[in-house]
Every structure is written in structure tokens, then in C-alpha cells.
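Derivation of every value follows stated rules applied to the coordinates shown; laboratory data play no part. Predicted model only: the values in this text are computed from it and were never measured. All Cβ positions, glycine included, derive from the backbone under ideal geometry; neighbour counts span all protein chains shown.
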Amino acid sequence: MTSTIRLYRHPISGHCHRVELMLSLLGLPYEAVEVDLMAAEHKAAPFLALNPLGQVPVLSDGELTLADSNAILVYLASRYAPGAWLPLDPVGAAGVQRWLSLAAGLLHFGPCAARVIRLFQLSKDPGEAQAHAQTLLRFMEGELKASAFLVGERATLADIAHYAYVVRAPEGGISLEPYPAVRAWLARVEALPGFVPMLETVVPA
């Protein structure tokens, strides 16, 4: 019997969506707790008691409270479906770790950052973020020409970690048209049993 899982999230966050997607793919029921970022609820004392860094998502599972979306993915996969989403063999595990590092690097500073700049109309040039995004997408395109998913022929945490910010890359002014293998991969992720889409947002003109 599983404990009660609670996810502290914001609906337009790709970091939160990757956890929601993992929970859904695993068939795990959970309670979603909305954190109002616009009202700085993530910087208030009650939330900082859960995550002193003041960032969503945060997962509560029984006695455990865990922050950082990639760490949460590793925890959920390891606890509830060992070997299914995080390979147990050294080469497969290393392959997933490589992509989790990219998710915290090029993905975060590329498609994610470009999207944030446009959605929140920040006074910052998105050019550098868009350049990082193109570097990542070119790399993904080459990898996905050789395999169905980012680490071989079945979906892993690598795919879950990258899906949201890649599918929403156009919201940051980054076209996916030059990347047919990436677009085909997105469709394969969306065809997984239990898939849930990320909330669409309206980009200011």
C-alpha cells in the first residue's frame, strides 16, 4: 500500500509537469497543491519549510519531503517501478544521467529560459537562451535519428525530463520545424499509456 503523495506545483512549470507526467505514467494517485508564484507563496515561510531554496516542485510521500524535479523523478522511478524508467545496467543508467545533466544545463538555460523571458515579458534578450536551445535541439535531432527515445528504444526518465520544455519551445520563439526526429519523438512520448499534456500558455504578443 502506498502512502499519500502530495505534489506542490505551479501549472505552467515544465519542472512540475515532468513530475506530474511521471506520477501519471506510474499510475500513482496524488494530491496537487497549487503554489501561487505570482503572490510569492514559494518565498513564504510555510513553503520554505518544505524547500529552503523556494522552488517548485516539492513532493511529499509519507515521511519523505523531496525537492528538485530530476531528483523526484529518480525517487519515483526507483521506488515504484525499479528498472522500468531508470535502467539498472551501468551503461543505461549512465545514459539517463547524461540527459538529466543536460536537462539541468542546456534545457534549463535554453528552451526553459527563452520561454520564461517571453511569457513574463522580461527585459532581457532571449538570444542567448535561444542559441542554447538550438544547440540542444540539434544534438537531440542527431540522437533521435538513431533511436526511438533518448536512451535506446524505450522511454526512460531522460524523455520525461525533456518533454515539457521541448514541446513548449515555440513559446520561447524556437521553431521545431527544422527537427523532424524531435517532433516524431514528442509524438511517441505523447502516445505513452498514462500520458498527460502540459498546460498550454498564451505568449504575450
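Details
- The string of couplings for the range 163-174 from the Karplus curve (6.51, -1.76, 1.60, θ = phi - 60°) is 3, 4, 6, 6, 5, 9, 3, x, 5, x, x, 10 Hz, one whole number per residue in order, with x for Gly and Pro.
- The range 90-190: proportion of alpha-carbon pairs further apart than 16 angstrom, %: 52
- Taking the Cα centre of the range 1-64 as reference, the dipole from Cβ charges on Lys and Arg (+1) and Asp and Glu (-1) amounts to some 140 debye.
- Relative contact order of the range 90-190, pairs being alpha-carbon contacts under 8 Å that are 6 or more residues apart, as %: 35
- Cα pair count fraction exceeding 19 Å, expressed as % - the range 104-160: 38
- Panel order for S175, S101, S24, by other beta carbons found within 10 Å of each beta carbon, from fewest to most: S175, S101, S24.
- Each DSSP beta bridge with both residues in the chain is either parallel or antiparallel, and the antiparallel ones are about 70%.
- Pairwise label distance in nanometres, A187 with T4, each label 7 Å out on the Cα-Cβ vector: 4.3
- Applying a DSSP loop filter and a limit of 15 other Cβ atoms within 10 Å to the GluC sites (Glu not before Pro) in the range 100-205 leaves E153, E200.
- The stretch between F109 and A131 holds 7.0 nm of extra length on full extension. This uses 0.36 nm per residue minus the Cα-Cα distance.
- Under the simplified labelling scheme, the E200-S78 pair shows an inter-label distance of 3.8 nm, with each label point 7 Å from Cα along Cα→Cβ.
- The fewest-to-most ranking of M198, M22, M38 by surrounding Cβ atoms within 10 Å reads M38, M198, M22.
- Two-decimal ratio, the chain, of alpha-carbon radius of gyration to 2.2 N^0.38 Å: 1.00
- Listed residues Q130, V56, H42: farthest to the positive end of the dipole of the chain (Cβ charges): Q130
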